[in-house]
Amino acid sequence: MSDIAIRVEGLSKQYRIGARQERYKALRDSITDAMIAPFRRAASLLRGQASDAAELNETIWALQDVSFEVKQGEVIGVIGRNGAGKSTLLKILSRITEPTKGYAEIYGRVGSLLEVGTGFHPELTGRENIFLNGAILGMRRREIERKFDEIVAFAEIEKFIDTPVKHYSSGMYVRLAFAVAAHLEPDVLIVDEVLAVGDGAFQKKCLGKMSDVAKAGRTVLFVSHNLATVNQLTERCLYLVNGQVMAFSSTRVAVNQYLKETLKHGRRQYSNLDYYRQNPSLFIGSPAKITHIRVSNDQVEYPTLEIGSSLELLIDLEVSREIAGAMINLILKNAQGEHIVVFCSHDYGFSLSLQAGKYQSQIYADDFPLAPGEYYCNLGIASSTQSEAYDTIVDFPLFQVVNNGQVISWLNRPWGAIHWDKVEWNVNSLIDNSKEVLEECHSDNTRFGKK
């Protein structure tokens, strides 16, 4: 008996973009279209557009000649940038859509977690939706009845199980949806970015459930942008670029290749901070904006630092109107997306009260213990209660650390997000005649924090 769970050969999928879906036409519609077509073409030419609507239709290959094999019991990650073809691949394997070329064979019962909550009816109670959604996902009634109490307990909604889900909060809704889907018992489980549901505690529970599925010997195909989770759950990884297989190897090798390509792309976008700004439209009219982030290293973009060197970060801000009680939060992440260190102004005992103007915030960390590798940051400025976010930058490529010959093995141990004590922090106005910068702190702009 073969030990292959999934076999994919020459899989390709083509989509047409810019085309409208044709509705049914009666004879009179065809005659009318033929009569007015010359006038439409003339009007298009006068506007400087293509004379034939067909010229506006283009085709793209979401997948191109993808081939790979997955053995039974393997946990395989699928990574790549947005638009790489990950979701298209999973939809084909889940038989939601047909391939244009090639074929895919899956041996055993298949369970798909592509869209959590698909099939939920708002007028039905949580209890009724468990049976409805379970049936849609392929579970038999006896199987749902056997697992009903476990599903409810996992979702933590016992008190509301007989309440229509239209009255649920969004968090309750996704918890129940994931709980149903997570209790499938397929031979092959296909998962697309479903661990980003609920709060932090529930996400941790979801991750634990996925680990249990993997340890039970089932074959799992797992798509996620959370590289730390991919590293934790998977053994091998499929790396897609523009619908093509760039790598199918060990997770560490594939992830490192992905990160190198991402870094090259990030460097090209380095001068455009809007590229890293999270939901730019949310910050239109915001009183405070981040205009630059850099390491103070002779103004070099994406500098190289040595192990154990001090770290000085400069953050430029532009304030359009007075803000009081603001806070700056910076999360330093490694290439795997793991949070290494958190710098929060409140942790160092101050909040910002700023008049309109331009400012520069300086973070200085002495003897900073970072392992060799590439480092990114998430940076935000918000009200002290975090009820309003003024600006947020995500996944900004900040610097890389290299080993200069030192043998310091303890630097390579895994880190959690830590609070580093050896930090000095200050904020200075970039305009000489500005009013007080720190109304609630040091008016003389001296450094503050722990040393």
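The values are calculated or read from the model by the stated rules, or taken from the named source; none is laboratory data. For clarity, every value in this text was computed on a predicted model and none was experimentally measured. Remember, those area values only see protein heavy atoms, side chains included, never the ligands or the DNA or RNA. Shrake-Rupley method; radii C 1.70, N 1.55, O 1.52, S 1.80 Å.
At-a-glance table
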read-out: Relative frequency of Cα-Cα separations exceeding 27 Å in segment 67-209, percent; value: 25
read-out: Gly308 long-range amide H proximity, modeled H, under 5 Å; value: Leu370
read-out: Over 28 Å between alpha carbons, listed pairs Lys166/Lys289; Lys71/Lys209; Lys91/Lys204; Lys209/Lys333; value: Lys166/Lys289
read-out: Per-residue SASA entry for Arg236, accessible area with 1.4 Å probe, Å² rounded to 10; value: 70
read-out: Accessible surface ranking that places the most exposed of Leu273, Leu124, Leu11 first, with a 1.4 angstrom probe; value: Leu124, Leu273, Leu11
read-out: Whole-percent carbon and sulfur share, accessible surface of segment 314-383, 1.4 Å; value: 44
read-out: Alpha-carbon Debye profile of segment 158-244, log10 I(q)/I(0) at 0.15, 0.18, 0.21 Å⁻¹; value: -0.64, -0.85, -1.06
